[in-house]
Amino acid sequence: MEHARQERAPTFGQEVDGLFLRLIEAQASYAEYKRELLKLEKRWLQKVRTPAQRLLIQRNITKTILTEAFAFNMGWKEFGPLLRRLQRLGFRDLGMRVHVTCLYVQSLDLFPERAREAWDMLDDTERKALRLRREHPLRREYLESINHAKKVARVPRPPSR
């Protein structure tokens, strides 16, 4: 007897991936990315049961929108509130901190008045990465990302006070 295979509901990650494919194919604008990601966040926040799950959804959606703000060269009016929200929510792990901090430093040509804060954040993130043991599988990757951000940054580190 053949059993009908039950379809599982897509996971959060699968839904995000599917959404991205549709938006890329549609050559969507930043506003469309943001609107669709926030709708996805709202739907998933209604589904999850625990505060930890809610926090995970909020962090991931905010990081994703911030990454899109970077890709679309959005100014501080858009980038800033996303960065602040992510700082309030807390970074999920050092990898997320490295990613966001590198985007911040690389975006400084759009808001150079934020240079001191961004470079200080990069220094702090680098110190955290250097504290990982040398054998840690991601240590080198994090440090390479930080060094890349330093090299391509269009706004130099401000002089020390």
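The values are calculated or read from the model by the stated rules, or taken from the named source; none is laboratory data. Because the structure is predicted, anything quoted here is derived from the model rather than measured. Virtual Cβ from ideal backbone geometry, glycine too; neighbours counted across all protein chains shown. Keep in mind that these areas ignore ligands, DNA and RNA; they rest on the heavy atoms of the full protein, side chains included. Shrake-Rupley method; radii C 1.70, N 1.55, O 1.52, S 1.80 Å.
Would you mind stating whether GLN14 is closer than 28 Å to MET121 by Cβ and assigned to a helix (DSSP H, G or I)? Walk me through how you get there before you give the answer.
On the way: closer than 28 Å to MET121 by Cβ: no; assigned to a helix (DSSP H, G or I): yes.
Judged against the criteria, GLN14 is not a match.
Check the range 56-74 and report whether any residue there is over 27 Å from ARG139 (Cα atoms) and in a helix (DSSP H, G or I). Please lay out each step first, then the result.
First, the residues of the range 56-74 that are over 27 Å from ARG139 (Cα atoms): 72-74.
After this cut, where a residue has to be in a helix (DSSP H, G or I) as well, the list is none.
No, because not a single residue in the range 56-74 is over 27 Å from ARG139 (Cα atoms) and in a helix (DSSP H, G or I).
Please work out which one of (1) modelled with pLDDT of 95 or more; (2) farther than 20 Å from LEU82 by Cβ; (3) not polar (S, T, N, Q); (4) not in a helix (DSSP H, G or I) is the condition ARG5 fails and give its number.
(1)
Filter the range 22-35 for residues that are surrounded by 10 or more Cβ atoms within 10 Å (Cβ to Cβ) and either touching a strand residue (DSSP E or B) at 6+ places or on another chain (Cβ under 6 Å) or not basic (Lys, Arg) (or both) and give the result.
Kept after step one, since they are surrounded by 10 or more Cβ atoms within 10 Å (Cβ to Cβ), are these residues of the range 22-35: 22-24, 26, 28-35.
Result: LEU23, ILE24, ALA26, ALA28, SER29, TYR30, ALA31, GLU32, TYR33.
Could we say that ARG139 is free of Cβ contacts under 8 Å to residues at least 24 places away in the same chain and surrounded by 14 or more Cβ atoms within 10 Å (Cβ to Cβ) here?
Values: free of Cβ contacts under 8 Å to residues at least 24 places away in the same chain: yes; surrounded by 14 or more Cβ atoms within 10 Å (Cβ to Cβ): yes.
Here the answer is yes, as ARG139 does meet what is asked.
Kindly evaluate LYS39 against the criterion of being open to solvent by 80 Å² or more (accessible area, probe 1.4 Å), at pLDDT 95 or above and not β-branched (Val, Ile, Thr).
Values: open to solvent by 80 Å² or more (accessible area, probe 1.4 Å): yes; at pLDDT 95 or above: yes; not β-branched (Val, Ile, Thr): yes.
Here the answer is yes, as LYS39 does meet what is asked.
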